[in-house]
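Accompanying notes for the structure given below.
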Amino acid sequence: MPTSLQAGPVKYKPSTQKFIAVVAASAIAFIIMLLAQYTPPVTWNEWSMLLIFTALFVASNFYSLHLTEKINLQLSTIVAVAAVLLFPTPAAVLSGAAGKAISCVLRRKRTEQLVFNTSQVVIYTSAGGLALNALTDLPWIPETIYAWAGMLAAVALMISINVLLTGTVVALETARPLVQVWKQIGRLSLLQDPIQASLGVMAALLVNSYPWALALITVPVVMLYRTLRRERDVEEQRQRLLEQNTALVVSLQQQAAQLQQVIGDLETALEANRKANLSLELEIAQRMIAQRNLTSAYDDLLQGLTNALELRDQDTEGHSQRVTQLAVELARQVGIPESEMGDLWRGALLHDLGKIGIPDAILNKPGRLNKVEVEIMHRHPSYAYELLRKIDYLRNAIDIPYCHHERWDGSGYPRGLEGEEIPLAARVFAVVDVWDALRSNRPYRKAWTDDCA
């Protein structure tokens, strides 16, 4: 069935070994009970069909995806359901158990895993077959409500027993609450078992009418495996990128804090040196040069942070650099003093810093944002404010990141400022921000010309 044990520790816990022993004993009891009423195949066609299904069981167990530390998803449900619907229960059980055991040996599984996984197949296949036989005859033909009820009961029992047995072993090994583990594995099972079961039912109907179509069962198995593999790879890549981005932000914050501390210490030293005699002027000058170098390094760090932010949104590549240059040029034309230009430059460069806190799914959504997503996106100026207000060096640069989405008529965000309540630097930046947006290509339109903009 869908889930089985991953390669565990060097030795399973005693409680786990006892549970595996109970499962194995139950499986042996099922086999003895079923063999007592089993008539082996007599024709070559019956034997060949049984052997082919055993081979399919072996092959399907090689298509597996690593889901968690203790759980492996395997695409054998299609074959298991088809076997239960086509064969007498003893034949389906023996075919599934042999296939699982052979695959465990070929994949060099440990003895405990071989015993548990094989016993697991015996139990859920036996339970499914007995439930089906209680309501309808074999091979399964969906002509009556009893036939449908028997099929649904068999599939539900097979999936449920697999979840309960695997969950119990994982809970014993990890010391986690049993019900919590059952729920986790159950959710994973519901994501793909109904699809596999449906394919198994269709495969049984097809093989029952056209035995030569047995080879086609492998097609949905491979297709489903590739789909799940691709989804799993995408999720793993997204998780790696998230971890890398998080580590980068933490590293930049730590470096910023260190630089801020160095700048503070340097300013204190400079203040003390100003009180010394003229013979220390050379040393003071050297320290001032060092301070400028640190400031330059700090600004380079801000440039790196901006570049890192733009990696998350390819649609805005180079946007921060362009609007920063335009903002400085426009600020000079409207008369903002040169003494304030450094803070304006830093504020413009960091205007979208708050987007660190916006999820990738919203930030990079190709279509229009819904109401909830718009509300989340509107938080990024507040995020920037919370980040920058704690850094003395950047406190005077906070106006643009915090207020560049305010509007003259009070319709902007996050505070709804209007008119001259909006800081001048933020008003200057809003103009160039819109200009650059109009002059840049977007997925939904081409860039405007200078005249149109």
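Structure values in brief
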item: Exclusive hit being over 21 Å from Leu50 (Cα atoms) and assigned to a helix (DSSP H, G or I), set Ala98, Ala197, Ala91, Ala153; result: Ala153
item: When residues of segment 372-398 are limited to those that are under 14 Å from Leu353 (Cα atoms) and β-branched (Val, Ile, Thr), the one modelled with the lowest pLDDT; result: Ile391
item: Every pair of residues 6+ apart whose Cβ atoms lie under 6 Å, when the first sits in segment 424-452 and is closer than 19 Å to Gly335 by Cβ and β-branched (Val, Ile, Thr) while the second is open to solvent by 30 Å² or more (accessible area, probe 1.4 Å) and assigned to a helix (DSSP H, G or I); result: Val428/Leu330; Val432/Leu326; Val432/Leu330
item: Condition check for Glu143: acidic (Asp, Glu), at pLDDT 80 or above and assigned to a helix (DSSP H, G or I); result: no
item: Residue tally, condition closer than 27 Å to Gly357 by Cα and in contact with a helix residue (DSSP H, G or I) (Cβ under 8 Å, 6 or more places away or on another chain), over segment 250-266; result: 5
item: Any hit, segment 182-203, residues being over 23 Å from Asn117 (Cβ atoms), in contact (Cβ under 8 Å) with a residue 60 or more places away in the chain and not acidic (Asp, Glu); result: yes
item: Residue list for segment 105-152, filter: farther than 23 Å from Ser198 by Cα, free of Cβ contacts under 8 Å to residues at least 40 places away in the same chain and either touching a Leu at 6+ places or on another chain (Cβ under 6 Å) or basic (Lys, Arg) (or both); result: Arg108
item: Per-region count, segment 423-437, residues open to solvent by 40 Å² or more (accessible area, probe 1.4 Å) and within 37 Å of the chain's Cα centre (by Cα); result: 2
item: The one condition in (1) on the phi > 0 side of the Ramachandran plot; (2) in a helix (DSSP H, G or I) that Ala134 fails to fulfil; result: (1)
item: Check on Arg230, loosely packed, with under 15 Cβ neighbours inside 10 Å, assigned to a helix (DSSP H, G or I), modelled with pLDDT of 75 or more and not hydroxyl-bearing (Ser, Thr, Tyr); result: no
item: Evaluation of Arg176 against (1) farther than 27 Å from Leu135 by Cβ; (2) open to solvent by 30 Å² or more (accessible area, probe 1.4 Å); (3) at pLDDT below 85 (one fails), failing number; result: (3)
item: Lys365 under 38 Å from the mean Cα position of the chain (by Cα) and at pLDDT 90 or above; result: no
item: Filtered residues of segment 318-332 (kept if under 41 Å from the mean Cα position of the chain (by Cα) and small (Gly, Ala, Ser)); result: Gly318, Ser320, Ala327
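Yes or no, residue by residue, for (1) under 14 Å from Leu86 (Cβ atoms); (2) at pLDDT below 85; (3) open to solvent by 20 Å² or more (accessible area, probe 1.4 Å):
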| position | (1), (2), (3) |
| --- | --- |
| Thr118 | no, no, yes |
| Ser126 | no, no, no |
| Leu138 | yes, yes, yes |
| Met158 | no, no, no |
| Ile161 | no, no, yes |
| Ala204 | yes, yes, no |
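The values are calculated or read from the model by the stated rules, or taken from the named source; none is laboratory data. Every value quoted in this text rests on a predicted model; they were computed, and no experiment measured them. All Cβ positions, even for glycine, are placed from backbone atoms using ideal geometry, and neighbour counts span all protein chains on display. Accessible surface is based on the protein model in full, side chains and every heavy atom, while ligands, DNA and RNA are left aside. Shrake-Rupley method; radii C 1.70, N 1.55, O 1.52, S 1.80 Å.
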